[in-house]
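Peer 1: The following block contains the structure, expressed as structure tokens.
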Amino acid sequence: MRIGIQASYAGDFSQTAEEVRDLESAGLDVVSVAEVYTFDAVSQLGYLAAVTDRVELMSGILPIYSRTPALMAMTAAGLDHVSGGRFTLGLGASGPQVVEGWHGLPYDAPLQRTREIVEICRQVWRRERLVHQGPKYTVPLPADQGTGLGKPLKLINTPVRERVPVLLAALGPKNVELAAEIAEGWEPILFHPERAADVWGAALAAGRARRDPALGDLDVVVGVPVAVGEDVDHLVDAVRPGIALYVGGMGAKGRNFYNDLARRYGYDAEAETIQDLYLAGRTAEAAAAVPEELVRATSLIGPESHVAERLAAFAEAGVTTLVLQPLDDSRAGRLRTVETMRRLAG
């Protein structure tokens, strides 16, 4: 199992980069950089490419609505170039609150857009002249929609790789099926090893049945809060607000993907309570309503023996890459966490 870490997008990024260098020396395999309505992830990934040597760099995630497909392809090829072939393009649909509220674009047809963007990216990376006609994207633009001067172009530079790995963040059955079909990797959230097969097993099987063997095995990338030690049980409460934010606040009633996931895990009443409290502004009560069972199932909190058992459960459920979210707020503590997890993961 590969061990990664989620880079912080708060504070001084130069210090974050220094820490990533130390973690790379400690055996870190992957560093993921988020992009929500923060600073962009691309500039930070380029910075990391310049100061690291071995660690894989991953966008986690770039929203599909934030860039044209061709720019997405150019960006991925550029990051792969400056990192010497160490970049993975993490993509996701985000949600209507961010896409419409921040980017000012309609949140429509996320599945179709994702499929077409991946197709266009791979065409660009192969340095083919870009011609694409799909339900959501037509390149070059037809004459009746523009000046009529557009013509098929191909990428000027030769990419380091003609297939940059693509990681799709997905939760719903159709999205997960698409990831298993067309992507090198899949990134779920709030991953519950014991219930993952019931929730996603059929979708993964359907996607894998149509998967191109050239893509290789599906890399399952899971973010997980981590605290290893004999006296860390109190940190269960530190995880609750994050789960409450997603389950309760990331979307409106009936349009919250994370709330739907909690319900599919069997926490129907709890998910409704968390959402009602959160949307009413009672965020502390919403956090307190998050079941401890859900926190412990989706986290790695406890002594080494317990964490090793949970690591085995994640591996048994198909997880191949863990992206750590250390609960220790010190740089030295995060380094110890990565060293310990690297050792426990073998």
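Peer 1: Relative contact order (percent) for the stretch 122-239, with alpha-carbon contacts under 8 angstrom and 6 or more residues of separation?
Peer 2: Value for the stretch 122-239: 20 percent.
Peer 1: Another one. Once both labels are modelled 7 Å past Cα along the beta-carbon direction, what's the residue 253-residue 145 spacing in nm?
Peer 2: In this crude spin-label approximation the distance works out to 3.8 nm.
Peer 1: Related question: What is the percent carbon and sulfur in the accessible area of the stretch 1-82, measuring with a 1.4 Å probe over the protein chains and ignoring ligands?
Peer 2: Accessible surface attributable to carbon and sulfur in the stretch 1-82 totals 56 percent.
Peer 1: Report relative contact order for the chain in percent, whole number only (criteria: Cα-Cα under 8 Å, sequence separation at least 6).
Peer 2: Here the relative contact order equals 18 percent.
Peer 1: Still on this model: Once you list every other residue whose beta carbon is under 10 Å from the beta carbon of residue 262, what net charge do they have if Lys and Arg are +1 and Asp and Glu are -1?
Peer 2: Net charge in that neighbourhood comes out at -2.
Peer 1: While we're on this one: Can you pull the Rg over Rh of the chain, Cα-only, Kirkwood?
Peer 2: 0.97
Peer 1: With the dipole of the stretch 91-138 worked out from charges on the C-beta (+1 for Lys and Arg, -1 for Asp and Glu) around the Cα centre, which of 135, 98, 110 lies farthest toward the positive end?
Peer 2: It is 135.
Peer 1: Find which of 221, 186, 205 sits farthest along the positive direction of the dipole of the stretch 177-252, computed with +1 on the beta-carbon of Lys and Arg, -1 on that of Asp and Glu, about the Cα centre.
Peer 2: 205
Peer 1: Can you give me the solvent accessible area of residue 75 with a 1.4 Å probe, rounded to the nearest 10 Å²?
Peer 2: 30 Å²
Peer 1: In debye to the nearest 20, how big a dipole does the stretch 203-332 give about its Cα centre with +1 on each Lys and Arg Cβ and -1 on each Asp and Glu Cβ?
Peer 2: 720 debye
Peer 1: Can you give the accessible area per residue of the chain, in Å², using a 1.4 Å probe?
Peer 2: Value for the chain: 45 Å² per residue.
Peer 1: Per DSSP helix of 4 or more residues, -39500 (n - 2.57); summed, then divided by the residues of the chain. What does that give at 222 nm, rounded to the nearest 500?
Peer 2: My calculation for the chain gives -13500 deg cm²/dmol from helical runs alone.
Peer 1: Per the 1.4 Å probe, what fraction of the accessible area of the stretch 175-239, in percent, lies on carbon and sulfur atoms?
Peer 2: Carbon and sulfur atoms account for 50 percent of the accessible area of the stretch 175-239.
Peer 1: Using the crude model of +1 on Lys and Arg Cβ and -1 on Asp and Glu Cβ, and no other charge, please compute the dipole size for the chain relative to its Cα centre, in debye to 20.
Peer 2: Using only the charged Cβ atoms, the result is roughly 1460 debye.
Peer 1: Hey, another quick one. Charges at C-beta only: +1 for Lys and Arg, -1 for Asp and Glu. How large is the resulting dipole of the stretch 154-251 about its Cα centre, in Debye rounded to 20?
Peer 2: The calculation lands at about 620 debye.
Peer 1: Give me the extension gain from residue 21 to residue 211: residue separation times 0.36 nm, minus the current Cα-Cα distance, reported in nm with one decimal.
Peer 2: Extending this stretch completely gives an extra 64.8 nm.
Peer 1: Turning to a different aspect of this structure: Whole-Hz Karplus ³J(HN,Hα) for the stretch 266-277, in order, using 6.51 cos²θ - 1.76 cosθ + 1.60 and θ = phi - 60°, x for Gly and Pro?
Peer 2: x, 9, 5, 5, 5, 5, 5, 4, 4, 5, 4, 5
Peer 1: Hey, what did the stretch 154-204 get for relative contact order, percent, Cα under 8 Å, at least 6 apart?
Peer 2: 35 percent
The values are calculated or read from the model by the stated rules, or taken from the named source; none is laboratory data. Everything numeric here is computed off the predicted structure, so don't read it as measured data. All Cβ positions, even for glycine, are placed from backbone atoms using ideal geometry, and neighbour counts span all protein chains on display. Surface areas here come from the heavy atoms of the whole protein model, side chains and all, with no ligands, DNA or RNA. Shrake-Rupley method; radii C 1.70, N 1.55, O 1.52, S 1.80 Å.
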